[in-house]
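Before any comments, here is the structure.
The values are calculated or read from the model by the stated rules, or taken from the named source; none is laboratory data. Computed from a predicted model, the values in this text were never measured in an experiment. Cβ: placed from backbone, ideal geometry, glycine included. Neighbour counts: every protein chain shown.
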Amino acid sequence: MTQKKTAFQFGPGLIVAAAFIGPGTVLTASKAGAMYGYSLLWAVLFSVFAAIVLQEMAARLGIVTGAGLSQAIHTSIEAPIIRWAMLFLVVVAILFGNAAYQTGNILGAAIGLEVLTQQEVGTWIYVIAISALVVIWIGRFDVLQILLSVLVFIMSCLFIVAAVACGPDLWSIGKSFVTPRVQPGSMWFVIALIGTTVVPYNLFLHANAAAKKWAVDKTDAPDAVELHRKAVRFSLLDTILSVFVGGLITAAILVTAAVAFGDTETQLNNVKDIAIQLRPTLGQWAETMFAIGLFAAGLTSAITAPIAAGYATAGCFRWPADLSDWRLKVTATLVVIAGGVFGVLFGNSPKEAIITAQVANGLLLPIIATFLLVAVNREILMGPFRNRMIRNILGGTVVIVTLAIATRQFNAVLSSLL
């Protein structure tokens, strides 16, 4: 059925923003601020820019083709060997990245419950994993997602208020946004900040969600091109506003950590210490509110990430992109189980495990971004909505910068081992 929307409405951009404001974002931004002050705010700004560029392309692909990124690869590449090689890389990258990301999601939610109940985190890892599986197999995430998103939004607002209340150095903040600085050891946090904002699975999720939100029936709509054009404009605005808000929250968390831990003897030794950042606004309630928000953020992402992995895999193998399909559910289940197992294994060092997951996403990003860039340049797929020069320059810049950062760190690791 053709949709003729005449006024702007928020769409999948909010889901994307809510998905990347998870435990990984909270911990990575907090640790970056605690260790390096305001100096990595430029990485947050680049991450927001990269997320807007890539998420806009993914949403436009979904709107125009009515399908997701992996389906686009299937459709646009004729040579079977090349097509299946690319799809294999996509499946491996998505499943590996999501399993790592899922570990952080489950650990984050479990730590939130540990703080609230004083029960060991190990017990809650199983509870979170089983809860995610139940929701996935029932297939009804709507009401729960709204509730959890509200809790995440409240926690996010508290960080923004805390960032203002802690009296940061505005001049230093402004300089840090526009002056890239890399201190010894900080490059891992640059990759992690990018990986926690531009999450590869969100590109697949956004394409599928945009295809459903702004669906156009091409057979019944002689003005399909104009309807697509209007939907693309709405999607661009939706993406810019949503990702900007998400980036603002990430920056606020980093700033509060820089003030709370940078100039004092207080150290950020574990995830629970992050609550110290909220004390200027919440006082004795800081730990409780942070724990509730962290639990909500972790559980939301723990459900969203496996579903996105299922959608991506379904597109690769041409399964129905529907959560009612058992193959999609099995794929999502494998991601949850992998995340749960790694969560148990690394439960004694959750801080390192959560940040490592963001680094893994940052390292995988250039691969997925390249696939997306190729797809949106295919005239057979996109027609008049294919990338023009300015979008290719922006997208190419994101791929080159992320690839350069990932390569530098990979070479550094090799050098240390040799």
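Observations on the structure shown:
- Picking from residues in the stretch 94-134 that are at pLDDT 80 or above and over 26 Å from K272 (Cβ atoms), the one that is nearest to the chain's Cα centre (by Cα) is L133.
- Here the condition is being modelled with pLDDT of 80 or more and either assigned to a loop (DSSP other than H, G, I, E, B) or surrounded by fewer than 22 Cβ atoms within 10 Å (Cβ to Cβ) (or both); of L205, L193, L227, it holds for L227 alone.
- Residues considered: T219, T264. Of these, the only one that is at pLDDT below 85, in a loop (DSSP other than H, G, I, E, B), closer than 30 Å to Q277 by Cβ and over 16 Å from the mean Cα position of the chain (by Cα) is T264.
- Scanning the stretch 34-70 for residues that are crowded, with 23+ Cβ neighbours inside 10 Å, at pLDDT below 90 and under 21 Å from the mean Cα position of the chain (by Cα) yields a count of 3.
- Filtered residues of the stretch 96-114 (kept if surrounded by fewer than 19 Cβ atoms within 10 Å (Cβ to Cβ) and aliphatic (A, V, I, L, M)): none
- Qualifying residue in the stretch 65-85 (condition: aromatic (F, W, Y) and touching a residue at least 12 places away in the same chain (Cβ under 8 Å)): no
- Scanning the stretch 174-190 for residues that are crowded, with 24+ Cβ neighbours inside 10 Å, among the aliphatic types (A, V, I, L, M), under 26 Å from F290 (Cα atoms) and modelled with pLDDT of 85 or more turns up at least one hit.
- Subset of the stretch 135-166 (residues that are more than 26 Å from T281 (Cβ to Cβ) and either modelled with pLDDT under 85 or surrounded by fewer than 16 Cβ atoms within 10 Å (Cβ to Cβ) (or both)): W137, I138, G139, R140, F141, D142, V143, L144, Q145
- Failed criterion for A291 (all others in (1) among the hydrophobic types (A, V, I, L, M, F, W, C); (2) in contact (Cβ under 8 Å) with a residue 12 or more places away in the chain; (3) closer than 30 Å to V91 by Cβ hold): (3)
- Check on L278, within 16 Å of M155 (Cβ to Cβ) and touching a residue at least 24 places away in the same chain (Cβ under 8 Å): yes
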